[in-house]
Amino acid sequence: MWWAIFFAAVTATLLVLVGVFVVLAEAYKNALEAYRLAKFALDQWTSLVESLNSSVCQAAEEMAKRALADLDISHYRELGPLLGKALEETRQKTLLRKLNYSWAFEGDVFIWNVTVKWHNVRRAGGAVNWLRPSELINAAVSIKGTSFDLTYYTVEEALAPHVPKGAVLYGVVYGRLYGNRSYSGFLIGEYRLWDKTPLRCTGGSLEAAFSADHYATLVINSTAPYIDIYEEVYVER
């Protein structure tokens, strides 16, 4: 009879051990799965930060180029909503469910930040601070609105104050003024305005190509019915 009691005790002990092993095995499995997910999420975070550093730079420069091409700063301002949309999709379609982000413009400087919360908070961010599409667009608009008093100033002298520091304006101004001793009319200006600051991700530099109609006057000792004007322009500041 004693062996039955011993067997029952051994059996009970084994059942307890099996139960412990099952619990340990399940805990290990859950821990392994949690580690795998955490590792995968960390990999996704690392990939996100690396891709943001390059993609924000490229997107900002391309959108600044587009803004200069159309002389419309709103193209550059689309960068913020575009980044927000991309990060919203990232949050929905990856393990980075607790991803938060923010972006802002301070003038032409674009600032972005992302955070994700696990056991602690991980942060990343940056600033695109080498582009100035607004300043170049404003300069182009100012140049387009310039009139010329050719009696006292050359075309380059009249245009120089409108060219930002660190930029170059070149092109040609031509046309015909009508009158007798006192001449007036409209001249055509064809220009390129480019920033000497090199782009960091897409190559080249920001540049705007545009044309303008300039009202011009000229007083000269001549009785010819018209005066032809042709001046090449190169202004570097």
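Please give the net charge around VAL114, taking every other residue with its beta carbon less than 15 angstrom from that of VAL114, where Lys and Arg add +1 and Asp and Glu add -1. Before the final figure, lay out each step's value.
On the way: positive: LYS85, ARG91, ARG97, LYS98, LYS117, ARG122, ARG123; negative: GLU50, GLU88, GLU89.
Around VAL114, the surrounding residues sum to +4.
Can you pull out the chymotrypsin sites (Phe, Trp or Tyr not before Pro) in segment 59-119 that DSSP calls coil and that have at most 13 other Cβ atoms within 10 Å? Please report the intermediate quantities before stating the final value.
Values: sites: TYR76, TYR101, TRP103, PHE105, PHE110, TRP112, TRP118; in loops: TRP118.
Listed in order of number, the matching sites are TRP118.
For segment 63-140 and segment 207-225, what is the separation of their Cα centres, given in Å?
Value for the Cα centre distance between the two parts: 42 Å.
Could you work out the local net charge near TYR183, counting Lys and Arg as +1, Asp and Glu as -1, over the other residues with Cβ closer than 11 Å to its Cβ?
Values: positive: ARG176, ARG181; negative: ASP228.
With Lys, Arg at +1 and Asp, Glu at -1, the neighbours total +1.
What trypsin sites (Lys or Arg not before Pro) in segment 91-124 are in a loop by DSSP, with at most 15 other Cβ atoms within 10 Å of the Cβ? Don't skip to the answer; put the middle values down first.
Details: sites: ARG91, LYS93, ARG97, LYS98, LYS117, ARG122, ARG123; in loops: ARG97, LYS98.
Here the trypsin sites (Lys or Arg not before Pro) that fit, given the DSSP loop and packing criteria, are ARG97, LYS98.
So what does log10 I(q)/I(0) come out to for segment 93-237 at q = 0.19 Å⁻¹, using the Debye formula with one equal point on every Cα and no solvent?
Calculated log10 I(q)/I(0) at the listed q: -1.05.
Quick note: the coordinates plus some simple rules give every number you see, no bench work behind them. None of these values were measured; they are calculated from a predicted model. Reconstructed Cβ throughout: ideal geometry from the backbone, glycine too, with neighbour counts over all protein chains shown.
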